[in-house]
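Input: a single structure, listed below in structure tokens.
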Amino acid sequence: MFEFNDQVIRVAVFLSVFILFAILEAIFPKKQRTQPRLDRWLSNIVIIIIDIITIRLIRQVSAISVALIAAQNGWGLLNWLALPVWLELFIAIAVLDLAIYFQHVASHKLPILWKLHRVHHADRDIDVTTGARFHPLEIVLSILYKCFIIILLGPSIFAVFLFEVILNASALFNHSNLRLPYSIDKKLRLIVVTPDMHRIHHSINSSELNSNFSFFLSIWDKIFKTYKDQPKEGHLKMTIGLKQYQDKSPSNILWCLKLPFTK
């Protein structure tokens with residue numbers, strides 16, 4: 001029953017947040033698009049659907065199911081400690097978010113992972129659909145990685161569920177093409193990753209591409225000195241995507257699926 005509710009709630013939150021930021025970025029856009037919305041959205045949404053099907057096919061190997069197994073067997077650090085619920089929840093979310101930061105850095109530094117991750121970065125515009133545009137093989141590896149971290153950490157099922165919801169929602173938020181007032185953005189990014197902060201990470205400039213790896217909490221980039229405050233050319237003039245793919249290819253679904261296997 002919990003698994004069913006977990007799936008329903010996560011999908012409901014995802015769709016709600018997706019629709020919310022799709023509307024907001026249409027009303028308050030930050031950056032002018034370089035491609036027609038329809039072509040990109042069709043490709044990105046098909047990738048998202050393929051990812052959802054992939055997740056359903058391997059649902060027995062999920063963060064929630066592994067957290068349940070870890071709890072039943074007493075695996076992981078937090079299962080050995082008698083901490084207050086609020087503290088356990090705080091530690092679990094912070095450590096899981098830190099793990100995603102390291103995973104993201106590795107996706108840029110390790111060639112075999114970058115082959116998969118560049119499908120995400122090849123998108124020549126960045127908006128709410130980009131936040132869920134990942135090659136299905138990268139999704140599978142990400143799930144396996146999270147499962148490994150959960151076995152070591154031993155967070156509660158609720159902590160894992162809450163983190164999954166937060167991670168998905170924050171990815172949609174910080175990839176959205178939403179124009180936030182500078183004063184609000186400045187205050188928000190003291191804690192969380194904002195659209196302006198993450199947009200820099202999608203620049204074709206290599207130094208900017210290799211910065212701002214955080215997904216939810218912004219503190220990791222500041223601690224590990226990968227934080228960049230503003231793009232060199234400014235948000236309105238910066239070029240999004242990868243230098244070698246500044247054409248229509250990244251909006252082609254078959255091209256995206258084949259990209260990791262091309263030189």
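The values are calculated or read from the model by the stated rules, or taken from the named source; none is laboratory data. Keep in mind that what you see is a predicted model, and the values were worked out from it rather than measured. The accessibility values were calculated without ligands, DNA or RNA, using every heavy atom of the protein model including side chains. Shrake-Rupley method; radii C 1.70, N 1.55, O 1.52, S 1.80 Å.
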**OP:** Could I get the Rg over Rh figure for region 42-122? Both from C-alpha atoms, Rh via Kirkwood, rounded to two places.
**Re:** 1.07
**OP:** Mind pulling the per residue volume of the convex hull built on the Cα atoms of region 26-177? Å³ is fine.
**Re:** 119
Original post:
Taking the alpha-carbon centroid of each part, what is the distance from region 93-114 to region 170-202 in angstrom?
Top reply: 19
Original post:
To the nearest 10 degrees, how steeply does helix 85-109 sit against the main Cα axis of the chain, on a 0 to 90 scale?
Top reply: 40
Original post:
If amide H atoms are built 1.01 Å from N in the plane of the peptide, which residues on other chains or at least 5 residues away come under 5 Å of the amide H of Val192?
Top reply: Ser218
Original post:
Taking a quarter of the surface of the convex hull around the Cα atoms of region 157-263, what do you get in nm²?
Top reply: 8.8
Subject >> Span per principal axis, largest first, for the Cα atoms of region 1-84 (Å) >> reply: 52, 32, 22
**OP:** Report the Stokes-Einstein translational diffusion coefficient (µm² s⁻¹, integer) for region 180-243, Rh taken as the Kirkwood radius over Cα pairs, at 4 °C with viscosity 1.567 mPa s.
**Re:** 111
**OP:** Would you mind telling me which residue in Asn252, Asn73, Asn168 has the biggest mean-square fluctuation in a Gaussian network model of the chain, where springs connect alpha carbons within a distance under 10 angstrom?
**Re:** Asn73
**OP:** On a 0 to 90° scale, report how tilted helix 136-153 is relative to the longest principal axis of the chain, with both axes built from alpha carbons and the result rounded to the nearest 10.
**Re:** 40
**OP:** Grab every C-alpha pair in region 134-188, bin the distances at 5 angstrom width from 0 up to the longest one, and report whole percents.
**Re:** 4, 14, 16, 22, 16, 11, 11, 6, 0
**OP:** Taking the chain as the reference, fit the longest principal axis to its C-alpha atoms, fit the long axis of helix 2-27 to the helix C-alpha atoms, and give the angle between the two in degrees, 0 to 90, nearest 10.
**Re:** 20
**OP:** Just need the relative contact order of the chain here, percent rounded to a whole number, with Cα pairs under 8 Å and 6+ apart.
**Re:** 28
Subject >> Approximate shape of region 81-150 as ellipsoid semi-axes (Cα gyration tensor, √5λ), whole Å, largest first >> reply: 28, 14, 10
**OP:** Could you order Val160, Val46 by accessible surface area, starting with the largest, using a probe radius of 1.4 Å?
**Re:** Val46, Val160
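Counting each pair of different Cα atoms once, what's the Kirkwood radius of the chain in Å, rounded to one decimal?
Here the Kirkwood hydrodynamic radius works out to 19.0 Å.
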**OP:** Check cross-link reach from Lys115 to the aspartates and glutamates: straight Cα distance under 20 Å, and skip same-chain residues fewer than eight apart.
**Re:** Asp51, Asp123, Asp125, Glu138, Glu208, Asp247
Original post:
What are the extents of the Cα atoms of region 96-238 along their three principal axes, listed from largest to smallest and rounded to whole Å?
Top reply: 43, 32, 28
